[in-house]
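Chemist: Here's a structure for you.
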Amino acid sequence: MLICKVVKPLVSTNRIPGFEHRHLQVVLDGSSKKVAVDAVGCKPDDWVICVGSSAAREAAGSKSYPSDLTIVGIIDHWDPDSSNPSVGGEK
Amino acid sequence: MEIMQVMGRLVCTQRVAGLGHMHLRILQNNKGKKLVAVDPVGAREGNWVFTSSGSAARFACPDPSTQTDLTIGGIIDFWSPDG
């Protein structure tokens, strides 16, 4: 799983039907921007955990959902400069 | 999923049967690398799109048996690469 930071929602009106009306978020993985399906309802600047591959499809709704990156949780406390999030504690 | 820009179309008449008659597009990712994706949505040159890769790319096609590992999932309404 990846630790990512939510940047902003992504609006795409013209999309394939398989994505349904699910919310998409632009997330920052290190320095690279990616797009993830939002299964939990997160806000910009939230730290989240994302899953990839086949877990991303099931976490987003069904085994045939076309996602390769899905947000599955919002991290309560996380300090990017600390290696131990339970000690870091900045929100 | 990743954000990429459509650079143009690609024509491959001679192709495996598993690709069907899907349209192909040349995409450029944020590192400047050029990739080819199948296009079920009808993206045009200059459009910013988001793509599904790996096995999810197959489910993003109308027919999940399509032999692809990169598919355009949708055209982004508003996007500037700087954020």
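Chemist: If only one of B:Leu19, B:Leu27 is more than 12 Å from every other protein chain (Cβ to nearest Cβ) and at pLDDT 95 or above, which one is it?
Modeler: Only one candidate qualifies: B:Leu27.
Chemist: Okay, next question. Is at least one residue of region B:22-42 among the hydrophobic types (A, V, I, L, M, F, W, C) and touching a His at 6+ places or on another chain (Cβ under 8 Å)?
Modeler: Yes, region B:22-42 has at least one match.
Chemist: Residue under question is A:Val51, and the condition is that it be open to solvent by less than 30 Å² (accessible area, probe 1.4 Å), in contact with a helix residue (DSSP H, G or I) (Cβ under 8 Å, 6 or more places away or on another chain) and of a type in the set (A, V, I, L, M); does it hold?
Modeler: Spelling it out, A:Val51 is indeed open to solvent by less than 30 Å² (accessible area, probe 1.4 Å), in contact with a helix residue (DSSP H, G or I) (Cβ under 8 Å, 6 or more places away or on another chain) and of a type in the set (A, V, I, L, M).
The values are calculated or read from the model by the stated rules, or taken from the named source; none is laboratory data. For clarity, every value in this text was computed on a predicted model and none was experimentally measured. Using ideal geometry, Cβ is built from the backbone for each residue, glycine included, and neighbour counts are taken over all protein chains shown. Note: accessible area is taken over every heavy atom of the protein model, side chains too, but ligands, DNA and RNA are not part of it. Shrake-Rupley method; radii C 1.70, N 1.55, O 1.52, S 1.80 Å.
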